[in-house]
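Asker: One structure is given below, represented as structure tokens, and several questions about it will come after.
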Amino acid sequence: MLTVLYHGKKAYRLIESMLTHIKDLAAKLAPRLIEIRRHIHSHPELSGQEYQTAAFVAGVLSSSGLHVQEGVGKTGVIGELQGTSQNGRLLAIRTDMDALPIQEGTNLEYASRAEGVMHACGHDVHTTVGLGTAMVLSQLAEELGGKVRFLFQPAEEIAQGASWMVKDGAMENVSAVLGVHVFPSIPAGSIGVRYGALTAAADDLEILIMGESGHGARPHEAIDAIWIACQVITALQQAISRTQNPLRPVVLSIGKINGGRAPNIIADKVQLLGTVRSLHPETRAHLPNWIENIVANVCHTYGAKYQVNYRQGVPSVQNDYTLTQLLQSAAEEAWSSDRVQVLPEPSLGAEDFSMYLEHVPGSMFRLGVGYKERIINHPLHHPQFEVDESAIITGVVTMAYTAYKYCQQNS
């Protein structure tokens with residue numbers, strides 16, 4: 001018993017000492033990490049076009065002593081850090097690199113230099129946190145006791161990059177995966193963890209309504225595809241509230257309508273494009289038939305033809321309980337429990353991080369980036385979205401310490 005207690009206390013002191021070491025290393029890197037983040041923010045690149053970002057990331061990883069692979073998943077980068085353990089366990093840390101087609105309106109001195117392109121979703125911060133974590137852990141390789149693979153992913157915003165990376169072998173031999181996403185509604189210095197569903201499944205919907213053209217003055221001689229399309233949209237929204245379980249949410253949004261030729265011509269064809277979000281796999285499975293039945297009934301009533309194209313996108317991010325528990329305990333040890341929130345609700349946004357979870361267990365945490373003194377922190381995808389850069393160190397320490405604890409558990 002005395003021996004067990006002795007080794008237990010000794011191990012605890014070693015882990016506590018490692019946390020202090022990680023914090024010290026991160027603090028020394030802070031000015032460099034802010035430079036990195038601002039450089040990436042100034043030079044945003046759209047999904048699948050992250051060539052300069054990828055080259056920059058590869059350079060930082062190489063200079064930190066990691067084994068680097070470029071061109072993974074088209075424009076993705078992998079950096080691998082070999083620990084001292086021979087147990088074969090491999091932790092992946094995923095961050096994304098792409099920006100959005102948004103004109104920046106922040107007036108920051110390091111604002112986007114690319115017309116109409118902006119890091120409005122915080123992927124510049126994600127990439128910096130990934131690089132910072134790699135830089136810290138590269139200095140602890142001998143003490144790490146495990147292997148870590150850093151995945152710098154392209155094209156998250158179009159929900160394709162994760163699949164590209166997986167197809168190119170990014171998840172081979174991986175045992176678990178961790179991810180991070182900024183969250184402006186949480187103040188910088190804090191993080192949020194979520195057990196179970198973190199984000200929604202996101203599917204693409206196209207509905208084609210085919211009527212018959214005619215003169216705008218004689219609508220009774222035509223089959224008005226625009227009017228029928230309006231009935232379809234209304235019927236879908238009303239049916240959600242009356243036929244779907246309100247405890248298993250479904251959000252269906254039509255974001256684009258194409259149709260019509262001239263003001264005085266009845267449209268014979270309308271295209272509706274939208275997104276469908278859901279949290280539960282059972283609900284998601286029956287949505288294509290449910291939507292088609294409603295469209296069919298409306299079109300049959302008014303004499304139109306139709307076509308429904310339903311494409312499944314990314315599934316819901318389902319955080320693994322054990323890894324989320326590890327993340328929470330690491331963050332609480334690093335920052336205290338009052339700076340770690342257990343998020344009570346999921347988001348109906350989507351994240352292709354879920355594609356990695358089809359292969360191994362994983363967990364993604366929310367990194368608070370909000371300014372505490374501001375009344376309004378603009379949301380993600382807003383042209384004036386800003387982050388409190390002090391959050392970068394919070395993210396690096398949380399990720400690095402969680403990775404260390406994971407490797408120690410499995411060494």
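The values are calculated or read from the model by the stated rules, or taken from the named source; none is laboratory data. Note that the coordinates shown come from a computational prediction; the quantities given were computed from them, not determined experimentally. Here Cβ is always computed from backbone atoms with ideal geometry, including for glycine, and neighbour counts include all displayed protein chains. What goes into the accessible areas is simple: the full protein's heavy atoms, side chains included, and nothing from ligands, DNA or RNA. Shrake-Rupley method; radii C 1.70, N 1.55, O 1.52, S 1.80 Å.
Asker: Take Tyr401 and tell me if it is aromatic (Phe, Trp, Tyr) and more than 17 Å from the chain's Cα centre (by Cα).
Answerer: yes
Asker: Only strands (runs of 3 or more DSSP E) wholly contained in the range 45-135 count here; list those with 2 or more residues that are buried (at least 21 other Cβ atoms within 10 Å of the Cβ) and under 20 Å from the mean Cα position of the chain (by Cα).
Answerer: Of the strands (runs of 3 or more DSSP E) lying wholly inside the range 45-135, those with at least 2 residues that are buried (at least 21 other Cβ atoms within 10 Å of the Cβ) and under 20 Å from the mean Cα position of the chain (by Cα) span 76-81, 90-96.
Asker: Mind counting the residues in the range 275-317 that are of a type in the set (D, E, K, R) and over 30 Å from His220 (Cβ atoms)? Spell out the reasoning first.
Answerer: So the first thing to find is which residues in the range 275-317 are of a type in the set (D, E, K, R), and the list is 277, 282, 284, 292, 305, 311.
From what is left, the residues that are over 30 Å from His220 (Cβ atoms) are 277, 282, 284, 311.
Looking only at that region, the number is 4.
Asker: Which one of Ala400, Ala330 is under 16 Å from Ala92 (Cα atoms), of a type in the set (A, V, I, L, M) and open to solvent by less than 20 Å² (accessible area, probe 1.4 Å)?
Answerer: On the way: Ala330 fails: under 16 Å from Ala92 (Cα atoms).
The match here is Ala400.
Asker: I've got another one for you. Would the range 14-30 turn up any residue that is within 24 Å of Thr402 (Cβ to Cβ) and of a type in the set (Ser, Thr, Tyr)? Break it down into steps so the answer makes sense when it comes.
Answerer: Residues of the range 14-30 that are within 24 Å of Thr402 (Cβ to Cβ), as a first pass: 14-30.
From what's left, of a type in the set (Ser, Thr, Tyr): 17, 20.
Yes, the range 14-30 has at least one match.
Asker: Taking into account only those residues within the range 338-388 that are in a loop (DSSP other than H, G, I, E, B) and without any contact (Cβ under 8 Å) to a residue 60 or more places away in the chain, which is surrounded by the fewest Cβ atoms within 10 Å (Cβ to Cβ)?
Answerer: Here the residue is Ile375.
Asker: Can you go through Val295, Val308 and tell me which one is in contact with a Leu (Cβ under 9 Å, 6 or more places away or on another chain), open to solvent by less than 50 Å² (accessible area, probe 1.4 Å), assigned by the TED database to the domain that holds Ile226 and within 25 Å of Glu157 (Cα to Cα)?
Answerer: Val308 is the lone residue from the list that is in contact with a Leu (Cβ under 9 Å, 6 or more places away or on another chain), open to solvent by less than 50 Å² (accessible area, probe 1.4 Å), assigned by the TED database to the domain that holds Ile226 and within 25 Å of Glu157 (Cα to Cα).
Asker: If I ask for residues that are open to solvent by 70 Å² or more (accessible area, probe 1.4 Å) and not in a strand (DSSP E or B), which ones from the range 252-282 would you list?
Answerer: Passing the criteria: Arg261, Pro263, Asn264, Pro281, Glu282.
Asker: Another question, then. So, of the residues in the range 190-205 that are out of contact with any Pro (no Cβ under 9 Å at 6 or more places or on another chain) and open to solvent by 10 Å² or more (accessible area, probe 1.4 Å), which turns out to be nearest to Arg366 (Cα to Cα)?
Answerer: Once the filter is applied, the top-ranked residue is Ser190.
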